[in-house]
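Heads up, the thing below is written out as structure tokens.
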Amino acid sequence: MDVCLIQVPYTMGDERQGTSKGPERLLQGGANKLIAAKGVKVTVERVDRGEPFRDSGNASLVVSKRLAPIVRQAIEAKQFPLVLAGGCDVSKGILSGFDHRQCGVVWFDAHGDFNTPETTTSGYLDGMSLAVITGHCYRNYWAQIGNSTPISESATLMLGVRDLDPAEKERLDRSAVQVVKWCEGKPQGDVRVALDKLAKRAAEVYLHIDMDSLDPQVAPGVVFDPVPGGLSLEDMEEGIRAVFARFRVRAATLAVYNPDRDQDDKTLRAGLRIIEVLAEAAGEMG
């Protein structure tokens, strides 16, 4: 399968954030060349907000409205949509780009992204991204983009989680979302068993990778202060391959790389390696 590399140089629709520079830096670092070197044909698309920034809620909506048709066209062209994004809010636009009624989600993240307007302590909309796509908040907001069918909680798996707000933790504990937490660099559960359980609920998934799921020694350049004890790059590679071995992966996102906070290009190198592994796995899907 060919790859469509989609650059979304925004975080919550705002190009001024450090993480908004991440997609361009990954391309400058040779992301498309790495994909081509795997023998996989690659095309590059870029989302343009197309209007002045007013506020994050509106701008994120506009960006997702422009992203959804690019994802749709890539899938119709038998290409694998690989999205490089500043923030996790792009997930709603990606899912709106295809029929995801039978789709599950594998979500790598140090945080839960499962807050709602009632539980958030910061009001940060990006920290509600998983709650949005599982139908817990902003249903009408998502519906403005297109297909807004919620992902079932029982078809959702989180990996790498180690920093939750108290109310967010309560919400996750009460939900049917599977969570494999990470502590001191080790999973607190069997990732393969969790993936096998998910495979009983869904044959296809959307794969979301927030780079803060990685340990700060691997990826110091992320949106906030990185949370210690995360995944090694080897953990991430094994996880990606395990996902592709079990599911038809409809699309994938790599998000929140912040070049301004990187150290000796560690996060850049990790991101490029993840792109390489994703492309290789997508190329083998056929």
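The values are calculated or read from the model by the stated rules, or taken from the named source; none is laboratory data. The shown structure was predicted, so the numbers you read here are calculated from the model rather than taken from an experiment. Virtual Cβ from ideal backbone geometry, glycine too; neighbours counted across all protein chains shown. Areas reflect the complete protein model, heavy atoms only, side chains present, ligands, DNA and RNA absent. Shrake-Rupley method; radii C 1.70, N 1.55, O 1.52, S 1.80 Å.
Couple of notes before you dig in:
- Solvent-accessible area of S56 with every protein chain in place, 1.4 Å probe, in Å² to the nearest 10: 50
- Close amide H partners of V83, meaning residues 5 or more places away or on another chain with modelled amide H under 5 Å apart, are I6, A252, T253, L254.
- Within the chain, the whole DSSP H helices whose Cα atoms reach 15 Å or more along their own axis and whose mean Kyte-Doolittle score is at least 0.5 are 266-283.
- Farthest positive-ward along segment 1-40 dipole, Cα basis, beta-carbon charges - from A36, Y10, P23: A36
- Accessible area of segment 171-286 divided out per residue, in Å², using a probe of 1.4 angstrom: 43
- Test item: Cα-centred dipole of the chain, Lys/Arg +1 and Asp/Glu -1 on Cβ, debye: 880
- When P(r) over Cα pairs in 5 Å bins from 0, in percent is calculated for this entry, the matching label among (i) 1, 5, 11, 14, 17, 16, 14, 10, 6, 3, 1, 0, 0; (ii) 1, 6, 14, 19, 22, 19, 13, 5, 1, 0; (iii) 1, 4, 8, 10, 11, 11, 11, 10, 9, 7, 5, 4, 3, 2, 1, 1, 1, 0, 0, 0, 0 is (ii).
- Residue-normalised accessible area of segment 52-144, given per residue in Å² at a 1.4 Å probe: 35
- DSSP-loop trypsin sites (Lys or Arg not before Pro) across segment 44-106, with at most 13 other Cβ within 10 angstrom: R54, K78, R101
- Within the assembled protein chains, the solvent-accessible surface assigned to R273 is about 60 Å², based on a 1.4 Å probe.
- Expressed as a whole percent, the accessible surface of segment 17-160 that belongs to carbon and sulfur atoms is 45, based on a 1.4 Å probe.
- Cα centroid separation - segment 144-177 against segment 46-96, whole Å: 21
- Gyration tensor (alpha-carbon) shape descriptor, segment 176-286, a/c threshold 1.5: oblate
- Sulfur and carbon atoms: percent of accessible area, segment 179-286 [1.4 Å]: 45
- Dipole check for segment 50-108: with +1 at the C-beta of Lys and Arg, -1 at the C-beta of Asp and Glu, and the Cα centre as origin, the magnitude is about 120 Debye.
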